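What follows is a single structure, written as structure tokens, with notes after it.
Nothing in this text is a laboratory measurement; each read-out follows from the coordinates by a stated rule. Predicted, not measured: the structure shown is a model, and the values here were computed from it. All Cβ positions, glycine included, derive from the backbone under ideal geometry; neighbour counts span all protein chains shown.
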Amino acid sequence: MSARRLIALILRTGRVAEPAPPAPEPLAAAAGLRGSVQVRHVDAGSCNGCEIEVAGAFGPVYDAERYGARLVASPRHADALLVTGVVTRNMAEPLRRTYEATPHPRLVLAVGDCARNCGMFAEGYGVVGPVSSVVDVDVEVAGCPPSPDAIVAGLRRLTGR
């Protein structure tokens with residue numbers, strides 16, 4: 001959209017952002033969640049490409065918080081885990097402990113090709129496997145790295161908004 005059309009749209013409607021796309025069907029496992037979904041991000045051994053896109057998804061342009069997803073610092077406050085990267089030998093046990101510390105109903109979002117199927121790091125020396133080899137995964141987001149749009153779409157599947 002050109003800048004001129006955007007300014008005309010803002011003046012006409014009073015909105016800076018475009019209207020949200022229709023809400024997706026929520027997961028059956030997310031039925032027990034109420035209000036905003038609190039998300040704990042876990043880097044299980046990534047190259048940091050996905051982290052940059054996650055930061056973009058929660059930034060002011062894509063604004064994942066407007067769909068009811070909020071990053072929190074502790075797994076004890078979280079409803080869902082957002083996991084990036086392959087699971088390395090050093091991160092397998094911390095990921096299990098983080099998963100176990102998250103109260104029920106807990107959901108897991110595997111972000112990026114590495115988290116889904118080890119991507120280019122498959123069969124690496126320090127690689128245990130994808131996230132699904134350590135904890136149960138509810139939603140997967142494809143891409144290397146996935147775009148902030150795709151991450152927000154995955155989060156919207158969790159929230160149902």
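For the reader, a short list of remarks on this structure follows.
- Dipole-positive endmost among Ala142, Val42, Ala64 within the chain (Cβ charges, Cα centre): Ala64
- For the chain, share of DSSP beta bridges that run antiparallel, in % to the nearest 5: 10 percent
- Relative contact order for the chain, counting Cα pairs under 8 Å that sit 6 or more residues apart, in percent: 28 percent
- C-alpha long axis of helix 89-101 to longest principal axis of the chain, angle in °: 70 degrees
- Summed residue charge, Cβ within 9 Å of Phe58's Cβ, Lys/Arg positive, Asp/Glu negative: -1
- Each peptide in 142-150, 35-43, 83-91 was scored by the mean count of other Cβ atoms within 10 Å over its residues; highest first, the order is 83-91, 35-43, 142-150.
- Amide H contacts under 5 Å for Leu71, placed H, 5+ residues apart: Val39
- Other residues lying with their Cβ under 9 Å from the Cβ of Gly68 contribute a combined charge of +3, Lys and Arg counting +1, Asp and Glu -1.
- Sparse packing (at most 13 other Cβ atoms within 10 Å of the Cβ) combined with a DSSP loop state is found for the following GluC sites (Glu not before Pro) in segment 70-161: Glu123.
- Dipole in debye (nearest 20) - the chain, about Cα centre, beta carbon charges: Lys, Arg +1; Asp, Glu -1: 640 debye
- Positive contributions from Lys and Arg (+1) and negative ones from Asp and Glu (-1), summed over other residues with Cβ under 12 Å from the Cβ of Gly160, come out at +3.
- Sorted largest first, extent of the chain alpha carbons per principal axis (Å): 56, 35, 25
- The C-alpha atoms of the chain define a longest principal axis, and helix 3-13 lies at about 70 degrees to it.
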